[in-house]
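Asker: The structure is given below, and queries will be raised subsequently.
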Amino acid sequence: MMSEATGMVWLVNRLRCMSVAEVGYRIRQAAVTRVAKRLRARAAPPLPRARTFNRHGALAVPPAERDALLADADSICAGHVVLFANRRFDVGMPPVWNRDPDSGVVGPSIYAGDIAITNREQVGDIKHVWELNRHLHLVRLAQAWTVTNDVAWLHALHTQLRSWLDQCPPLVGPNWASSLELGIRLINWGLVWQLIGGEGSGLFAGEEGQRLRADWLDAIHAHCSAIARHLSRHSSANNHLIGELAGLYVGASIWPCWKASGAWLEQARGELEHEAQAQFSRDGVNREQAFAYHVFSSEFLFVAGLVGQACDHPFSRAYWASLQRALRFLRSVRDVGGNVPMVGDADDGIVFRLDAPGADRAGQLLALGDAVLRRMEPAHPGVRWLLHALPGKRPEADPHESDTGWAFPDGGYLLFGSHFGEPDEIKGMVDCGPLGYLGIAAHGHADALALTLSIGGEACLVDPGTYSYWQEHKWRDYFRGTSAHNTVRIDGLDQSVSGGRFMWLKKARAAIERMPQSPHEFDFRGSHDGYERLADPVRHMRGVRYDAASATLTVRDEIAAKKHHQVELFWHFAPGLDVRLNSAGLHVRGKRFALQMHAHGADLKLELVRGNENPPLGWYSRCYEHRQPCDVLKISTVSSAVPVECKFTITFF
């Protein structure tokens, strides 16, 4: 539980990140919330305008995929639901929707605006609560009905929806506390609606079915109305705003049943057009500097775009071009083994799940782009299902947009290496971009000039990920801090100054001082000003050279200061690698490669660290709420100007 003192510090820090306009906006929003608390007018009866998209023929589902789908649906009916990447929880049948399935804490059935979602004693871990209530698993039940026409699956859907509507009336409980969650739920409700046949579905047969339909539509209206009143603005207008707008657009498009629906649709459409370009750089990088949210935001934009196509109300060519560039960047940073560096925050959040749990989301998104923008036959099962649920004409893509690249200077990433896309691929990445997006940079990490490397499709030098948003503060601070990244730390301080779990007060700014000419003859130099805030200002400069002919990587770190400072350089290695340090240097062995590293500098201390808890060092988190030890080479010295040079030599066997 947050103490009063800690809460006051957070509030002061949050105000420091706001403009005068934002403070005024939030005061007005508080007034809107107070009014909503006192009065919740029931929506007018819906007009019979709900849309059910016309699909041509049944979806062909291979036997193995069908069996896996039905097995997953059976587990859901038994109360066992996959949340996050691939963790199955017992949520009850019918589920207790306001309960954290991990801790068992049940959130209060009070006005949502009065709930402290960060108070674990009141709501448990709110991420677990919200993940269940995104209703991704209800889409699996709708899929099961689609492939079997067995009414048992409609009965299961009825049980789930009826219990949710009874337990979570509009604006009551933790599941109404976040507009983003309302948006995701609307998207999944829209997929359910289309897959079961919409208005004419057997789900609405009989008196109980009609009551379910009426209450569901009332909840849909309440979702759209609440989102429209509480859109994320100013310093919070990141992926949350995209998700809220996408949900509002889907809700107003599929259920244009009320007087306000047209205004909701036009507002959501217009703002999505803007955000698709504002939140992605000119070279396709999501400006939150968090690759998981790059995928997350792109999923929202794709769903909204496909609904627009299905409704014959397409988004602009510029909207789809922004998505093309986003896919180009993702395709470029992904290695031949399918690994994407875990830059910035990640919480395994997902907009829709139409495939087996634990599937490769980056791969699915790229496959979706191939099917929609390159008009390739969809081979990915999740993509086939999505296009079956949301049929429509394919948008016009920009034929001049290339498939891949290596230099993304506006977004802040440069790739080096050789044999891209081949079995002997060497692919590295230098992070020379901003900390994050907008005033709080909520999902960025203190990782200026960090470096990652994969060899032969196997991760080698890694970004260790995120682990958790709501565990002890030390873990949140560690995984987003400088010592958890392959870069330099000065005087034991992070490059940027944190003001809370999702807030940075002072942000390191990186600059490219020498731009490389190619990825295989790569000669980069950059710097950042994060430590110029110190009493004796320090500037960190990093040179990165890669020579394809000799498969050697040289990283040279320098600091410029008047006085001596404690300098620490960290190299994080992926779990599963054999990492050894001896007098001859560092030796790393993977499945098909060997790497040797030698460090040069004055009075260097080399230490191999693994799984330290106090203070944390040597940890890796592949998925949310999970961590495991990994080897970290820590190089320490005291210096004011003497450089540290690390030379890596790579060989395959």
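The values are calculated or read from the model by the stated rules, or taken from the named source; none is laboratory data. Quick caveat, the model's predicted, so the values are computed rather than measured. Note that we place each Cβ from the backbone using ideal geometry, even for glycine, and neighbour counts take in every protein chain shown.
Asker: Would you call D218 free of Cβ contacts under 8 Å to residues at least 24 places away in the same chain, surrounded by fewer than 23 Cβ atoms within 10 Å (Cβ to Cβ) and not small (G, A, S)?
Answerer: Numbers: free of Cβ contacts under 8 Å to residues at least 24 places away in the same chain: no; surrounded by fewer than 23 Cβ atoms within 10 Å (Cβ to Cβ): yes; not small (G, A, S): yes.
It is false that D218 is free of Cβ contacts under 8 Å to residues at least 24 places away in the same chain, surrounded by fewer than 23 Cβ atoms within 10 Å (Cβ to Cβ) and not small (G, A, S).
Asker: While we're here: Is it true that G349 is surrounded by fewer than 24 Cβ atoms within 10 Å (Cβ to Cβ), out of contact with any helix residue (DSSP H, G or I) (no Cβ under 6 Å at 6 or more places or on another chain), within 27 Å of V462 (Cα to Cα) and not basic (K, R)?
Answerer: Working: surrounded by fewer than 24 Cβ atoms within 10 Å (Cβ to Cβ): yes; out of contact with any helix residue (DSSP H, G or I) (no Cβ under 6 Å at 6 or more places or on another chain): no; within 27 Å of V462 (Cα to Cα): yes; not basic (K, R): yes.
The answer is no for G349.
Asker: Here's another thing I want to ask about it. Of the residues in the stretch 627-642, how many are modelled with pLDDT of 95 or more and either in the same structural domain as I126 (by TED's automatic domain parsing) or in a loop (DSSP other than H, G, I, E, B) (or both)?
Answerer: Qualifying residue count, the stretch 627-642: 2.
Asker: Can you name every residue in the stretch 284-293 that is in contact with a Leu (Cβ under 9 Å, 6 or more places away or on another chain) and part of a strand (DSSP E or B)?
Answerer: Scanning the stretch 284-293 gives no hits.
Asker: Please find, within the stretch 85-126, the residue that is nearest to the chain's Cα centre (by Cα) out of those that are at pLDDT below 95 and among the basic types (K, R).
Answerer: Among those that are at pLDDT below 95 and among the basic types (K, R), it is R87.
Asker: Still on this structure: Does the stretch 503-515 include one or more residues that are out of contact with any strand residue (DSSP E or B) (no Cβ under 8 Å at 6 or more places or on another chain), assigned by TED's automatic domain parsing to the domain that holds C460, part of a strand (DSSP E or B) and among the aliphatic types (A, V, I, L, M)?
Answerer: yes
Asker: Quick check on my filter: what residues within the stretch 608-635 are within 18 Å of F648 (Cβ to Cβ) and not basic (K, R)?
Answerer: Within the stretch 608-635, the subset within 18 Å of F648 (Cβ to Cβ) is 608, 630-635.
Correct list: L608, C630, D631, V632, L633, I635.
Yes or no, residue by residue, for (1) at pLDDT below 95; (2) surrounded by fewer than 23 Cβ atoms within 10 Å (Cβ to Cβ); (3) in a helix (DSSP H, G or I):
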position: L182; (1), (2), (3): no, no, yes
position: L186; (1), (2), (3): no, no, yes
position: E199; (1), (2), (3): yes, yes, yes
position: L203; (1), (2), (3): no, no, yes
position: R213; (1), (2), (3): no, yes, yes
position: L241; (1), (2), (3): no, no, yes
position: S253; (1), (2), (3): no, yes, yes
position: E266; (1), (2), (3): no, yes, yes
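Asker: Additional query: Please go through the stretch 518-528 and pick out each residue that is free of Cβ contacts under 8 Å to residues at least 60 places away in the same chain and surrounded by fewer than 18 Cβ atoms within 10 Å (Cβ to Cβ).
Answerer: Our first condition is that a residue be free of Cβ contacts under 8 Å to residues at least 60 places away in the same chain; within the stretch 518-528, this holds for 521, 523, 525.
Those that are free of Cβ contacts under 8 Å to residues at least 60 places away in the same chain and surrounded by fewer than 18 Cβ atoms within 10 Å (Cβ to Cβ): E521, D523.
Asker: Sticking with this one: Restricting attention to the stretch 439-468, report how many residues are assigned to a strand (DSSP E or B) and farther than 23 Å from L493 by Cβ. I'd like the intermediate steps shown before the answer.
Answerer: Looking only at the stretch 439-468, we keep the residues that are assigned to a strand (DSSP E or B), and these are 451-455, 458-461.
Then keep just the ones that are farther than 23 Å from L493 by Cβ; that gives 453-455, 458-460.
Of the residues in that region, 6 qualify.
Asker: Quick one: R394 ticks every box in (1) in a loop (DSSP other than H, G, I, E, B); (2) at pLDDT 95 or above; (3) over 30 Å from V129 (Cβ atoms) bar one, so which box is it?
Answerer: Only one criterion in (1) in a loop (DSSP other than H, G, I, E, B); (2) at pLDDT 95 or above; (3) over 30 Å from V129 (Cβ atoms) is unmet by R394, namely (2).
Asker: Testing G590 on (1) within 21 Å of T552 (Cβ to Cβ); (2) exposed (fewer than 15 other Cβ atoms within 10 Å of the Cβ); (3) in contact (Cβ under 8 Å) with a residue 60 or more places away in the chain, one condition comes back false. Which one is that?
Answerer: Every listed condition holds for G590 apart from (2).
Asker: Quick check: is even one residue across the stretch 486-508 in contact with a helix residue (DSSP H, G or I) (Cβ under 8 Å, 6 or more places away or on another chain) and among the acidic types (D, E)?
Answerer: yes
Residues checked against (1) at pLDDT 95 or above; (2) touching a Phe, Trp or Tyr at 6+ places or on another chain (Cβ under 8 Å); (3) among the hydrophobic types (A, V, I, L, M, F, W, C):
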position: H520; (1), (2), (3): yes, yes, no
position: D529; (1), (2), (3): yes, no, no
position: R533; (1), (2), (3): yes, no, no
position: D536; (1), (2), (3): yes, no, no
position: V544; (1), (2), (3): yes, yes, yes
position: A551; (1), (2), (3): yes, no, yes
position: V555; (1), (2), (3): yes, yes, yes
position: H572; (1), (2), (3): yes, yes, no
position: P575; (1), (2), (3): yes, yes, no
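Condition check ((1) farther than 30 Å from A73 by Cβ; (2) in a helix (DSSP H, G or I); (3) within 14 Å of the chain's Cα centre (by Cα)) across all residues:
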residue	(1), (2), (3)
E273	yes, yes, no
R282	yes, no, no
V295	no, yes, yes
S298	no, yes, yes
G305	no, yes, no
Q309	no, yes, no
Y319	yes, yes, no
A346	no, no, yes
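Asker: Given (1) closer than 21 Å to F352 by Cα; (2) surrounded by fewer than 17 Cβ atoms within 10 Å (Cβ to Cβ), where does S109 come up short, assuming only one miss?
Answerer: Evaluating S109 over (1) closer than 21 Å to F352 by Cα; (2) surrounded by fewer than 17 Cβ atoms within 10 Å (Cβ to Cβ) leaves (1) as the failure.
Asker: Just the residues that are surrounded by fewer than 21 Cβ atoms within 10 Å (Cβ to Cβ) and among the aliphatic types (A, V, I, L, M), please, taken from the stretch 268-317.
Answerer: A278
Asker: Restricting the stretch 147-161 to residues that are assigned to a helix (DSSP H, G or I) and without any contact (Cβ under 8 Å) to a residue 60 or more places away in the chain, which is nearest to N98 (Cα to Cα)?
Answerer: If we take residues in the stretch 147-161 being assigned to a helix (DSSP H, G or I) and without any contact (Cβ under 8 Å) to a residue 60 or more places away in the chain, then L161 is nearest to N98 (Cα to Cα).
Asker: Right, another one. When the residues of the stretch 369-391 are filtered to those that are of a type in the set (A, V, I, L, M) and in contact with a Pro (Cβ under 8 Å, 6 or more places away or on another chain), which remaining residue is surrounded by the most Cβ atoms within 10 Å (Cβ to Cβ)?
Answerer: Within the stretch 369-391, the match that is surrounded by the most Cβ atoms within 10 Å (Cβ to Cβ) is V372.
Asker: Here's another thing I want to ask about it. Checking the structure you have, find out if any residue of the stretch 413-433 is surrounded by fewer than 18 Cβ atoms within 10 Å (Cβ to Cβ) and of a type in the set (D, E).
Answerer: Taking the stretch 413-433 as the starting set, the residues that turn out to be surrounded by fewer than 18 Cβ atoms within 10 Å (Cβ to Cβ) are 419-424.
Next, from what is left, pick out any that are of a type in the set (D, E): 422, 424.
Checking the stretch 413-433: at least one residue is surrounded by fewer than 18 Cβ atoms within 10 Å (Cβ to Cβ) and of a type in the set (D, E).
Asker: If I filter the stretch 401-410 for residues that are buried (at least 22 other Cβ atoms within 10 Å of the Cβ), charged (D, E, K, R) and not assigned by TED's automatic domain parsing to the domain that holds R331, do I get at least one hit?
Answerer: Applying the first criterion (buried (at least 22 other Cβ atoms within 10 Å of the Cβ)) to the stretch 401-410 yields 408.
In the following step, the residues that additionally are charged (D, E, K, R) were identified as none.
No: zero hits.
Asker: Do we find a residue being more than 14 Å from V488 (Cα to Cα), in a strand (DSSP E or B) and in the same structural domain as M429 (by TED's automatic domain parsing) anywhere in the stretch 535-543? Walk me through it before giving the result.
Answerer: Here is the first cut: in the stretch 535-543, the ones more than 14 Å from V488 (Cα to Cα) are 535-537.
Now restrict to residues that are in a strand (DSSP E or B): none.
No: zero hits.
Asker: Just wondering, is there one or more residues in the stretch 101-108 that are in contact (Cβ under 8 Å) with a residue 12 or more places away in the chain, closer than 30 Å to L386 by Cβ and outside any helix (DSSP H, G or I)?
Answerer: yes
Asker: Further question: Consider I426 against the criteria (1) of a type outside the set (D, E, K, R); (2) under 25 Å from the mean Cα position of the chain (by Cα); (3) within 30 Å of G530 (Cβ to Cβ): it satisfies all of them except one. Which criterion is unmet?
Answerer: So I426 meets the others, but not (2).
Asker: Yes or no: R394 surrounded by fewer than 16 Cβ atoms within 10 Å (Cβ to Cβ) and over 22 Å from the mean Cα position of the chain (by Cα)? Show your work before the answer.
Answerer: Working: surrounded by fewer than 16 Cβ atoms within 10 Å (Cβ to Cβ): yes; over 22 Å from the mean Cα position of the chain (by Cα): yes.
Spelling it out, R394 is indeed surrounded by fewer than 16 Cβ atoms within 10 Å (Cβ to Cβ) and over 22 Å from the mean Cα position of the chain (by Cα).
Asker: Quick check on my filter: what residues within the stretch 109-123 are under 17 Å from R501 (Cα atoms) and in a loop (DSSP other than H, G, I, E, B)?
Answerer: Of the stretch 109-123, the ones under 17 Å from R501 (Cα atoms) are 116-120.
Correct list: A116, I117, T118, N119.
Asker: What are the residues in the stretch 164-176 that are more than 16 Å from V81 (Cα to Cα) and either outside the structural domain of L212 (by TED's automatic domain parsing) or out of contact with any helix residue (DSSP H, G or I) (no Cβ under 7 Å at 6 or more places or on another chain) (or both), if any?
Answerer: Filtering the stretch 164-176 down to residues more than 16 Å from V81 (Cα to Cα) leaves 165-176.
Scanning the stretch 164-176 gives D166, Q167, P169.
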